[in-house]
């Protein structure tokens with residue numbers, strides 16, 4: 001690009017870069033900026049801007065926005081902003097610095113080729129050394145695609161990391177670690193039977209956002225909970241990072257939708273990649289530090305930190321709340337995603353001083369948005385400073401990661417006695433958490449593992465975390481994992497221990513998929529993926545954290561089991577209820593067939609009969625024994641119905657899961673459940 005493009009005053013709305021027949025309109029919010037400069041770059045590799053536009057405070061400034069229309073400028077142009085204004089960190093929290101080139105917070109794509117976080121923090125500001133925004137044209141052909149709007153009660157969520165899912169050489173995909181690589185694995189996801197993928201952060205983040213000791217060891221931010229550009233796909237997840245990132249993400253969404261799989265995004269609006277005092281200025285600090293972040297009232301140099309990541313987004317400021325909702329609506333309207341999981345969502349319920357609010361405007365704004373009305377909204381209903389909202393998250397439509405479900409099932413399966421009443425409540429949909437405030441089982445996202453914590457394999461293989469590789473003295477990650485190593489810590493070749501671990505893994509998965517509410521699986525658990533006892537692999541971007549696809553052969557029996565359990569859930573509507581059950585829907589019992597001894601502090605067994613939702617659906621009999629000895633269960637006799645064995649986690653594959661055509665009837669009125677086992681019997685009409 002040569003010469004200067006003519007300019008006109010432009011308009012303040014919408015923020016960001018907007019393509020029109022006349023050219024490109026640029027607009028950026030900044031309440032206290034006294035001047036603004038727009039720098040235009042030809043392409044990703046450009047070291048110098050081809051045009052620098054100094055905005056006129058009279059012509060290019062309306063209310064809190066700076067704006068300019070650049071005539072005939074083509075899409076594909078890269079740009080940054082420089083803002084002039086007051087510097088008063090302690091008193092007003094102002095951090096205006098006209099030397100710093102800022103990436104537009106509304107950028108639809110970003111170029112990180114010239115960004116070096118370590119150099120910025122060490123050497124300070126250098127000319128044209130920044131993340132840059134990219135102007136995109138609206139030219140994508142969706143071919144009739146739209147968000148799926150699948151019924152919540154039918155959901156089976158599969159949490160995965162885009163890079164980690166296909167980066168391992170064993171993935172054998174053309175573009176490992178990318179959106180395109182994930183497309184190649186869609187047949188696997190279909191065969192597994194899941195309905196939604198929950199993608200760990202895919203909004204552009206800073207992989208270099210790690211503590212100094214972690215960086216010195218050559219580690220980087222793998223998980224991606226360090227967003228800087230909330231409207232832009234992460235460039236590293238693209239086969240061509242400097243090509244068409246938005247198109248590559250859209251291709252993934254369209255391909256998943258064609259396969260009947262919805263797309264949920266794990267979004268991180270509680271903090272950003274700029275960190276606290278001493279962290280680099282990327283965008284929000286230089287545009288409106290006092291607006292976008294919670295600052296200490298006594299010394300506004302310091303950031304309130306309810307996230308454990310250095311800063312906390314001031315989400316309930318009117319402008320910030322609008323920014324967040326606009327962003328979510330963009331990903332639904334323009335990128336066709338089906339919903340969101342909000343990281344540390346309770347932080348979004350705090351006011352600018354960090355005090356929890358009864359009716360947080362941003363959370364209610366998300367719930368009541370017309371554009372988001374058909375989207376799934378899921379809260380990680382706690383934050384890093386002790387605010388815990390499981391069962392009481394503000395709003396009614398919000399689903400919640402049910403941490404109490406996770407803990408109850410882990411405790412029961414590892415053999416903790418005396419918690420059968422708690423377990424029954426969790427299996428039945430956690431009515432104690434949701435029924436009293438007019439919510440339903442579908443508000444509960446049930447899980448036993450997630451990215452944060454032990455993998456399923458490690459949950460049954462380690463009593464303690466082993467996070468030394470993270471270079472933080474094994475202080476990071478949770479200490480209370482409610483795990484059991486089955487007798488040996490970590491790697492072993494003891495066949496009895498290995499068999500018990502496999503059984504325990506199946507027990508956890510079986511209970512998860514037999515529970516009311518929405519089950520969530522973690523990618524690789526169905527293959528017994530291990531991270532060697534590291535329960536916080538956020539900075540471990542290497543083969544040991546990526547999914548090793550050879551495990552699909554090594555642990556084919558467990559993969560088959562998980563597929564079969566999902567299929568069993570799909571063929572029984574009684575496991576997928578939108579509303580809470582009544583006494584006519586389920587009968588609980590102990591080993592003798594009588595009512596369970598709910599208050600028995602030694603109890604380690606529980607059974608229940610789940611009736612079909614109509615005459616055509618057969619009942620289920622479920623037997624749970626997490627004790628160290630076998631238990632003979634009395635089976636409930638139902639008129640005109642007999643039982644057939646469907647699942648026995650104590651049996652070796654393929655007898656651990658039997659499909660209906662191969663099931664054989666149970667000839668007696670009892671069944672002996674082996675120690676540490678789950679048994680499922682499917683009803684069938686006599687003579688059928």
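The values are calculated or read from the model by the stated rules, or taken from the named source; none is laboratory data. All values derive from a computational prediction rather than experimental measurement. Heads up, the Cβs are rebuilt from the backbone with ideal geometry, glycines too, and the neighbour counts pull from every protein chain shown.
Being without any contact (Cβ under 8 Å) to a residue 40 or more places away in the chain and more than 24 Å from residue 21 (Cα to Cα) is the filter here; which residues of region 127-141 pass it?
Those that are without any contact (Cβ under 8 Å) to a residue 40 or more places away in the chain and more than 24 Å from residue 21 (Cα to Cα): 127, 129.
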For residue 435, the lone unmet condition from (1) closer than 23 Å to residue 611 by Cβ; (2) surrounded by fewer than 21 Cβ atoms within 10 Å (Cβ to Cβ); (3) in contact with a helix residue (DSSP H, G or I) (Cβ under 7 Å, 6 or more places away or on another chain) is (3)
Going residue by residue through region 160-168, is there one that turns out to be at pLDDT 95 or above and touching a strand residue (DSSP E or B) at 6+ places or on another chain (Cβ under 7 Å)?
yes
Pick from 269, 319: which is crowded, with 24+ Cβ neighbours inside 10 Å and either modelled with pLDDT of 95 or more or more than 16 Å from residue 106 (Cβ to Cβ) (or both)?
269
Selected residue [more than 26 Å from residue 372 (Cα to Cα) and either in a helix (DSSP H, G or I) or in contact (Cβ under 8 Å) with a residue 12 or more places away in the chain (or both)] from 220, 246, 250
220
Check on residue 286, touching a strand residue (DSSP E or B) at 6+ places or on another chain (Cβ under 6 Å), buried (at least 20 other Cβ atoms within 10 Å of the Cβ), modelled with pLDDT of 95 or more and within 30 Å of residue 191 (Cα to Cα)
no
Answer residue from region 182-198, given it is touching a strand residue (DSSP E or B) at 6+ places or on another chain (Cβ under 8 Å) and assigned to a loop (DSSP other than H, G, I, E, B) and is surrounded by the fewest Cβ atoms within 10 Å (Cβ to Cβ) among those:
195
Condition met for residue 673 (within 21 Å of residue 512 (Cβ to Cβ) and out of contact with any helix residue (DSSP H, G or I) (no Cβ under 7 Å at 6 or more places or on another chain)):
yes
Would you tally the residues in region 87-126 being surrounded by fewer than 17 Cβ atoms within 10 Å (Cβ to Cβ), part of a helix (DSSP H, G or I) and either in contact with a strand residue (DSSP E or B) (Cβ under 9 Å, 6 or more places away or on another chain) or in contact (Cβ under 8 Å) with a residue 60 or more places away in the chain (or both)?
2
Report the residue count in region 468-497 for those that are surrounded by fewer than 16 Cβ atoms within 10 Å (Cβ to Cβ), more than 26 Å from the chain's Cα centre (by Cα) and in a helix (DSSP H, G or I).
2
Sole exception among (1) surrounded by fewer than 19 Cβ atoms within 10 Å (Cβ to Cβ); (2) closer than 22 Å to residue 371 by Cα; (3) modelled with pLDDT of 95 or more for residue 201, by number
(1)
